[in-house]
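**Q** Sharing a structure, written as structure tokens. Questions coming.
The values are calculated or read from the model by the stated rules, or taken from the named source; none is laboratory data. Every value quoted in this text rests on a predicted model; they were computed, and no experiment measured them. All Cβ positions, even for glycine, are placed from backbone atoms using ideal geometry, and neighbour counts span all protein chains on display.
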Amino acid sequence: MGIRESDREILEYRDLMSVPDKFEQGISLRTVVGAFFIGFIMMPGAIYLGLLVGGNLGPAAEWVTIILFTEAARRSFQTVSRQEIYLLYYLAGTLTAFWGGLALAGGPFAALIWNQYFAQSPAAASFAQQIPDWVVPRAGSEALNHRTFMQPEWVAPIVILMVGNVLARVNGFTGAYALFRITSDMERLPFPMAPVAAQGATALAESSAKEEGWRWRVFSIGTMIGLSFGLIYVAVPTLTGVALVKPINILPIPWIDFTTGTESILPGVPMALATDLSAILVGFVLPFWVVIGGVAGFVITLITNPILVKTNVLHQWKPGMGIIDTLTANSLDFWLSFSIGMGFAIAIVGVVGIIQTHLHRQRVAERGHDWRKLPATRGDFHMGWTVVLFVLSTIGYIVLCAVLVPDFNIAFFIMFGFFWTPLISYVTARMVGLSGQFIGFPMVLEATYVLSGYKGVAIWFAPIPYNNYGTSVTRFREFELLGGNFRGLLKAELLSFPILMVCSFIFWEFVWRMAAIPSAQFQYCNEFWPLIARQRALFITGTTESPELFMQAINATYIGAGLGLGLVAYYALQFLGMPTLLIYGLTRGLGQAPSSVIPELFGACLGRYYFAKRFGLRRWREYAPVLLAGYACGMGLVSMISIAVALISKSISQTPF
């Protein structure tokens with residue numbers, strides 16, 4: 001039997017960048033200085049942008065830092081290696097990591113800022129007195145009245161925060177590395193998004209060495225696109241928000257919501273169109289059949305949701321609901337359970353695939369590949385010790401949770417740490433490795449808490465060993481493509497952690513003292529945090545009052561339907577010789593709005609049927625990730641300038657002179 005088109009595409013993406021023969025760590029004085037620069041210069045901007053407009057400074061911090069250091073090196077007649085550039089990229093992403101929804105950046109102390117607001121919010125009034133002291137000081141305490149961490153009431157929350165973060169770092173690094181060995185070395189998955197960072201770093205390394213080739217030209221084109229679009233999308237609302245009561249948005253952020261306008265003919269269908277140009281460029285990079293699968297998932301949703309509304313399966317949806325309320329209601333009624341079933345189908349497919357790989361020690365068209373034969377200088381870690389450290393850190397999680405919440409069944413902690421976290425991490429790693437995208441299982445924790453029979457509040461704030469390390473696997477693949485020794489990643493982790501903790505404490509203390517969070521000074525959190533607090537309070541009442549909401553959301557029949565459909569569809573496509581990548585895209589699109597699907601489809605078709613014919617398929621696949629990396633850089637430059645102006649303006653406005 002010949003190679004199916006899906007397998008051929010996987011192999012082509014796998015070979016898009018060849019792995020170098022020589023590996024270097026990349027840790028140098030430049031990367032150390034870069035880490036301090038990111039922590040002390042970029043982090044306050046990331047904090048401010050999230051609170052003000054809900055924006056993520058991550059891409060800005062990454063590419064702006066790299067450009068500054070490469071240009072400084074050029075003027076000093078030095079060169080910056082690809083490994084150094086990637087570690088700067090990695091450190092910037094780590095130190096400005098973004099907590100979606102709440103739009104919180106700035107490290108671990110961001111969680112304490114959210115906790116202090118939530119505990120004092122009207123939404124939590126019915127159970128606020130039950131929130132433990134190791135979460136947040138009591139309402140009316142000096143620590144909260146003066147908005148400062150420099151009070152003894154914060155000692156317990158800060159100690160637990162630090163212990164939890166140490167465990168998370170060990171658990172995450174070891175778990176992600178083990179998954180990399182499975183999905184990349186053993187299964188030979190392509191990781192189609194990995195070349196974005198790798199090619200971008202290569203382009204800037206060539207520029208640093210004054211050896212500009214095609215990568216630098218394509219990267220520059222992407223940068224100009226990002227600069228131009230960023231002026232409209234980021235600069236205008238950020239800068240007008242400084243001078244005006246309400247910022248001016250030329251394009252709605254993050255989407256245009258059509259749900260209420262189409263509800264008469266498509267009841268229960270979430271309809272929106274993303275306004276960020278990056279969705280089109282992502283369509284250039286993703287495997288074509290993954291994008292088509294996403295479109296197919298939305299088409300199924302388009303047909304299915306009105307039927308489910310008519311049959312009263314989607315009974316919580318009501319006319320007049322916008323996209324967020326529609327997605328939430330539909331998820332609780334049907335799609336949450338169905339997506340869990342689809343996720344388990346992907347897990348089963350993955351487990352079967354890895355067993356087959358282990359038995360036959362080969363992939364399609366790669367006979368003779370021995371995954372146990374590793375490059376001598378790649379800096380791999382001993383798998384035995386990796387597993388031991390993962391197990392020990394998981395046990396540390398379990399012990400900490402058992403001490404903090406002694407009346408909760410410890411079996412659930414064990415299940416999350418040793419079963420669910422590895423399972424969902426592997427499912428995600430496999431999806432990222434094949435499609436560049438991933439799917440999450442929403443409200444698994446919430447459902448577990450409610451269905452466990454536990455009564456109380458403390459469990460909702462405990463550092464549960466429930467994590468998903470699947471997306472972190474890409475870091476190892478990116479660094480490998482750049483000839484990076486994995487010991488360099490480990491040293492970057494050890495370097496970033498103390499900087500992250502110190503800077504997070506300093507800058508959140510500073511911003512919190514400037515004004516209450518949320519308040520009119522910080523528009524995004526002032527508008528959205530009360531809504532998020534009400535939603536979270538609703539979940540918590542499931543262990544203090546009645547759990548009917550969760551009993552309705554978790555439906556075994558719908559889970560079974562998703563599992564059956566996923567398995568049948570995958571193996572039917574495999575039997576017919578059709579692209580099995582469709583399933584991964586399908587899972588991503590089911591039950592969701594077409595906000596990003598339509599722009600991605602436009603980008604995928606434009607790339608496949610125009611640019612690929614003009615430049616050649618292989619050359620276009622090399623161009624696309626560099627173009628996307630340049631776009632992120634351009635958007636980052638605009639964001640940094642805009643945020644700097646806004647931050648200086650707000651800081652000056654706080655002075656009494």
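**Q** Quick one: which of 273, 277 is under 30 Å from residue 249 (Cβ atoms) and surrounded by fewer than 18 Cβ atoms within 10 Å (Cβ to Cβ)?
**A** The match here is 273.
**Q** Sticking with this one: Looking only at region 288-307, decide whether some residue is more than 30 Å from the chain's Cα centre (by Cα) and closer than 13 Å to residue 268 by Cα.
**A** yes
**Q** So which residues in region 494-539 are small (Gly, Ala, Ser) and either assigned to a helix (DSSP H, G or I) or crowded, with 18+ Cβ neighbours inside 10 Å (or both), if there are any at all?
**A** 496, 504, 533, 537
**Q** Restricting attention to region 51-65, which residues are part of a helix (DSSP H, G or I) and modelled with pLDDT under 75?
**A** Of everything in region 51-65, those that are part of a helix (DSSP H, G or I) and modelled with pLDDT under 75 turn out to be 52, 53, 58, 59, 60, 61, 62, 63, 64.
**Q** Let me ask another. Which residue, of 332, 308, is hydrophobic (A, V, I, L, M, F, W, C), surrounded by fewer than 24 Cβ atoms within 10 Å (Cβ to Cβ), modelled with pLDDT of 85 or more and assigned to a helix (DSSP H, G or I)?
**A** Sole residue among the options that is hydrophobic (A, V, I, L, M, F, W, C), surrounded by fewer than 24 Cβ atoms within 10 Å (Cβ to Cβ), modelled with pLDDT of 85 or more and assigned to a helix (DSSP H, G or I): 308.
**Q** Taking the condition in a helix (DSSP H, G or I), among the charged types (D, E, K, R) and either in contact (Cβ under 8 Å) with a residue 12 or more places away in the chain or farther than 24 Å from residue 431 by Cα (or both), does residue 325 pass?
**A** Spelling it out, residue 325 is indeed in a helix (DSSP H, G or I), among the charged types (D, E, K, R) and either in contact (Cβ under 8 Å) with a residue 12 or more places away in the chain or farther than 24 Å from residue 431 by Cα (or both).
**Q** Suppose we keep only residues that are out of contact with any Asp or Glu (no Cβ under 6 Å at 6 or more places or on another chain), outside any helix (DSSP H, G or I) and modelled with pLDDT under 85 within region 276-291. Which one would you say is nearest to residue 578 (Cα to Cα)?
**A** So, considering only residues that are out of contact with any Asp or Glu (no Cβ under 6 Å at 6 or more places or on another chain), outside any helix (DSSP H, G or I) and modelled with pLDDT under 85, the one nearest to residue 578 (Cα to Cα) is 286.
**Q** For region 146-170, what are the residues that are surrounded by fewer than 18 Cβ atoms within 10 Å (Cβ to Cβ), of a type outside the set (Lys, Arg) and not in a helix (DSSP H, G or I)?
**A** 146, 148, 150, 151
**Q** Ok, one more. Assuming residue 140 fulfils every condition listed in (1) surrounded by fewer than 22 Cβ atoms within 10 Å (Cβ to Cβ); (2) not in a loop (DSSP other than H, G, I, E, B) apart from one, which condition is it?
**A** (2)
Matching residues to (1) closer than 24 Å to residue 269 by Cβ; (2) modelled with pLDDT of 85 or more; (3) in contact with a strand residue (DSSP E or B) (Cβ under 9 Å, 6 or more places away or on another chain); (4) not in a loop (DSSP other than H, G, I, E, B):
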| site | (1), (2), (3), (4) |
| --- | --- |
| 316 | yes, yes, no, no |
| 340 | yes, no, no, yes |
| 346 | no, no, no, yes |
| 359 | no, no, no, yes |
| 379 | no, no, yes, no |
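Residue by residue, here is whether (1) part of a helix (DSSP H, G or I); (2) at pLDDT 90 or above; (3) hydrophobic (A, V, I, L, M, F, W, C); (4) more than 30 Å from residue 472 (Cα to Cα) holds:
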position: 77; (1), (2), (3), (4): no, no, yes, yes
position: 97; (1), (2), (3), (4): no, no, yes, no
position: 123; (1), (2), (3), (4): yes, no, yes, yes
position: 126; (1), (2), (3), (4): no, no, no, yes
position: 144; (1), (2), (3), (4): yes, no, yes, yes
position: 172; (1), (2), (3), (4): yes, yes, no, no
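**Q** Just a yes or no: is a residue in region 443-459 basic (Lys, Arg) and assigned to a loop (DSSP other than H, G, I, E, B)?
**A** So far as region 443-459 goes, yes, one or more of its residues are basic (Lys, Arg) and assigned to a loop (DSSP other than H, G, I, E, B).
**Q** Return yes or no: is residue 33 modelled with pLDDT under 85, surrounded by fewer than 16 Cβ atoms within 10 Å (Cβ to Cβ) and either under 25 Å from the mean Cα position of the chain (by Cα) or closer than 18 Å to residue 83 by Cα (or both)?
**A** The answer is no for residue 33.
**Q** I need the full set of residues from region 292-344 which are at positive phi and either aliphatic (A, V, I, L, M) or touching a helix residue (DSSP H, G or I) at 6+ places or on another chain (Cβ under 7 Å) (or both), in order please.
**A** If the condition is that a residue be at positive phi and either aliphatic (A, V, I, L, M) or touching a helix residue (DSSP H, G or I) at 6+ places or on another chain (Cβ under 7 Å) (or both), then 320 is the only one that fits.
**Q** Go through the residues of region 195-212 one by one and say whether even a single one is within 30 Å of residue 620 (Cα to Cα), modelled with pLDDT of 75 or more and surrounded by fewer than 18 Cβ atoms within 10 Å (Cβ to Cβ).
**A** No, because not a single residue in region 195-212 is within 30 Å of residue 620 (Cα to Cα), modelled with pLDDT of 75 or more and surrounded by fewer than 18 Cβ atoms within 10 Å (Cβ to Cβ).
**Q** Would you point out which residue out of 569, 593 is in contact with a Pro (Cβ under 8 Å, 6 or more places away or on another chain) and either modelled with pLDDT of 80 or more or crowded, with 16+ Cβ neighbours inside 10 Å (or both)?
**A** Exactly one of 569, 593 is in contact with a Pro (Cβ under 8 Å, 6 or more places away or on another chain) and either modelled with pLDDT of 80 or more or crowded, with 16+ Cβ neighbours inside 10 Å (or both), namely 593.
**Q** State whether the residues of region 467-486 include one that is aromatic (Phe, Trp, Tyr), within 30 Å of residue 187 (Cα to Cα) and either in a loop (DSSP other than H, G, I, E, B) or over 23 Å from the mean Cα position of the chain (by Cα) (or both).
**A** yes
**Q** Which count do you get for residues in region 220-270 that are more than 30 Å from residue 630 (Cα to Cα), surrounded by 17 or more Cβ atoms within 10 Å (Cβ to Cβ) and among the β-branched types (Val, Ile, Thr)?
**A** 2
**Q** Moving to a separate point now. Can you list residue pairs whose Cβ atoms sit under 6 Å apart, with the first residue in region 168-184 being closer than 16 Å to residue 467 by Cβ and the second being of a type in the set (Gly, Ala, Ser) and modelled with pLDDT of 90 or more? Count only pairs 6 or more apart in sequence or on different chains.
**A** Every condition considered, the pairs that remain are 170/393; 171/393.
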